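In what follows, a single structure is set out as structure tokens and then discussed.
The values are calculated or read from the model by the stated rules, or taken from the named source; none is laboratory data. Since the model is a prediction, treat every value here as computed from it, not as a measurement. FYI the Cβ positions are ideal-geometry reconstructions off the backbone, even for glycines, and counts take in every protein chain you see. Just the protein is used for accessible areas: all its heavy atoms, side chains included, with ligands, DNA and RNA removed. Shrake-Rupley method; radii C 1.70, N 1.55, O 1.52, S 1.80 Å.
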Amino acid sequence: MPDFIVPLILAISSLPAFVVAALIGKGRPRGAPVPRLALVMRLVGIAILAGAAGMFWAGENETRRLAVVVAMVVAVNGLGLVLLFSLGRNRTGPRGRGRG
């Protein structure tokens with residue numbers, strides 16, 4: 001299999017993160033701050049693109065491939081945790097209001 005197939009598939013798989021970020025930020029007034037969720041989704045897309053570039057760089061070297069995969073897993077899952085914690089902090093459910 002050619003060396004560019006896996007990085008190409010990985011790069012294409014980052015597109016949904018950018019689309020979601022654009023949809024979240026859509027409709028806000030010019031100059032308004034970017035919502036945190038949109039920012040995190042953009043960072044996820046960038047992390048996946050960086051992983052694709054790393055996979056292209058790694059080529060057939062198994063050690064490099066493993067290092068790129070581990071770095072990408074840590075980056076994307078770390079951003080997922082940031083997303084979960086920020087959503088949990090802004091929660092307005094029954095537990096978020098206090099017990100009166």
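Structure above, values below:
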quantity: Residues that are of a type in the set (A, V, I, L, M) and open to solvent by 60 Å² or more (accessible area, probe 1.4 Å), drawn from region 54-66; calculated: LEU66
quantity: Only listed residue being charged (D, E, K, R), closer than 21 Å to VAL82 by Cβ and under 20 Å from the mean Cα position of the chain (by Cα), chosen from ARG36, ARG28; calculated: ARG36
quantity: Candidates GLY45, GLY88, GLY80, filtered to the one that is in a helix (DSSP H, G or I), of a type outside the set (A, V, I, L, M, F, W, C) and either within 20 Å of ILE5 (Cα to Cα) or open to solvent by 80 Å² or more (accessible area, probe 1.4 Å) (or both); calculated: GLY45
quantity: Some residue of region 12-32 being free of Cβ contacts under 8 Å to residues at least 24 places away in the same chain, part of a loop (DSSP other than H, G, I, E, B), open to solvent by 60 Å² or more (accessible area, probe 1.4 Å) and under 21 Å from VAL74 (Cβ atoms); calculated: no
